[in-house]
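Just so you know, all these numbers are worked out from the coordinates, no wet-lab data involved. The model shown is predicted, which means the values in this text are computed figures rather than measured ones. Cβ sites come from the backbone with ideal geometry, for glycine too, and all protein chains shown count toward neighbours.
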Amino acid sequence: MSDVRTCPTCGAKAKYKEKEGIETFTAVQDEEAFKKIGQMKKAMEKFKAKAEALEKKLKTLKV
């Protein structure tokens, strides 16, 4: 999942990546794309929370 942050150089929204201690920012070209990235991130967080809750419930049922 993309980590979207504000670029320290230009102040624009950008995808953030860190590899081997090197930070890189890749510009998000379209404002609508940025909104969709945010929506997808929220949806994935909700899905992750539901999956974790189901895993806990499954563990209690197995015991």
Query raised in the report: Which lysines have a Cα less than 28 Å from the Cα of LYS36, not counting those fewer than 8 places away in the same chain?
Result: LYS13, LYS15, LYS17, LYS19, LYS46, LYS48, LYS50
Requested in this report: Using label points projected 7 Å from each Cα along Cα→Cβ, tell me how many nm separate LYS46 and THR24, to one decimal.
Outcome: 3.3
Query raised in the report: Label 7 Å along Cα→Cβ of LYS15; the stretch 33-51 residues with amide nitrogen under 17 Å?
Result: 33-42, 44
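Taking 37 °C and 0.692 mPa s as the conditions, I'd like the Stokes-Einstein D for the chain in µm²/s, using the Kirkwood hydrodynamic radius from alpha carbon pairs. Spell out each step's value before the answer.
Details: Rh = 14.0 Å.
In µm²/s, the coefficient is 235.
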Query raised in the report: Which of the listed residues, CYS10, THR26, PHE47, is farthest toward the dipole's positive end in the chain, when Lys, Arg count +1 and Asp, Glu count -1 at the beta-carbon?
Result: PHE47
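Which of the GluC sites (Glu not before Pro) found in the chain are in a DSSP loop and have at most 11 neighbouring Cβ atoms, other than their own, within 10 Å?
Answer by residue number: GLU20.
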